[in-house]
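Let me begin by presenting the structure, written as structure tokens, before commenting on it.
The values are calculated or read from the model by the stated rules, or taken from the named source; none is laboratory data. Worth saying up front: this structure is predicted, and the values here are computed from it rather than measured. Note that we place each Cβ from the backbone using ideal geometry, even for glycine, and neighbour counts take in every protein chain shown.
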Amino acid sequence: MISFEMLSEDNVNEVWELEKRCFDDPWELKAFTSELENKISVYFAARDEESGRIVGYAGVWLMYDCADITNIAVDPDFRREGLGGKMLELLTDVSRERGMESITLEVRASNAPAIALYEKYGFKECGLRKRYYKNNEDALLMTKSL
């Protein structure tokens, strides 16, 4: 069973360790600790109750009337079990509850599984950010009306 909790000082190091397992170019720990003080950010961590481990996290910035998903990560051992979708729904719900009219995200153009997930939840491609990532890979910009 998976439970969800807010990003906090108690779990930020575990979230950062997951970040390093999931991404070739991970955020620094300071990026996560600064989100604890960021008034426009909301981050959830997903904890596997059986093992006690953080197995996913997701974050969003709530700005004016548009939410921007900053990250979604799922432990490789827990992928393809619906956790990414559940976290995407959490971010969408909190964005809608806070009065956002739309929600956007960037995704690596080569990340077909993530693109398929976002499309399944109603996101549409609306732009391209050339050489957005450190390895010069393009990012697709996707959006969804709330």
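The residue that is farthest from D25 (Cα to Cα), counting only those in region 106-129 that are modelled with pLDDT under 95 and charged (D, E, K, R), is R129. When the residues of region 1-31 are filtered to those that are charged (D, E, K, R) and not in a loop (DSSP other than H, G, I, E, B), the one that is farthest from N136 (Cα to Cα) is E5.
Under the condition of being in contact with a Gly (Cβ under 8 Å, 6 or more places away or on another chain) and either more than 11 Å from Y57 (Cβ to Cβ) or assigned to a loop (DSSP other than H, G, I, E, B) (or both), the residues counted in region 67-83 number 3.
Let's see how each residue does on (1) closer than 23 Å to S102 by Cα; (2) buried (at least 16 other Cβ atoms within 10 Å of the Cβ):
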| residue | (1), (2) |
| --- | --- |
| I2 | no, yes |
| M6 | yes, no |
| N13 | no, no |
| F23 | no, no |
| K30 | no, no |
| A45 | yes, yes |
| E49 | no, no |
| I54 | no, yes |
| V60 | yes, yes |
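Every condition in (1) part of a loop (DSSP other than H, G, I, E, B); (2) charged (D, E, K, R); (3) without any contact (Cβ under 8 Å) to a residue 12 or more places away in the chain holds for E50 except the one numbered (3). Scanning region 64-113 for residues that are farther than 23 Å from L36 by Cα, surrounded by fewer than 19 Cβ atoms within 10 Å (Cβ to Cβ) and aliphatic (A, V, I, L, M) gives A109, A112. Of the strands (runs of 3 or more DSSP E) entirely within region 97-145, those holding at least 1 residues that are touching a residue at least 40 places away in the same chain (Cβ under 8 Å) and within 19 Å of G59 (Cβ to Cβ) occupy 102-108, 139-145.
Filtering region 32-47 to residues that are in a loop (DSSP other than H, G, I, E, B) and either in contact (Cβ under 8 Å) with a residue 60 or more places away in the chain or of a type in the set (D, E) (or both) leaves only E37. With respect to the conditions (1) within 25 Å of K130 (Cα to Cα); (2) within 13 Å of the chain's Cα centre (by Cα); (3) not basic (K, R), A31 falls short on a single one, namely (2).
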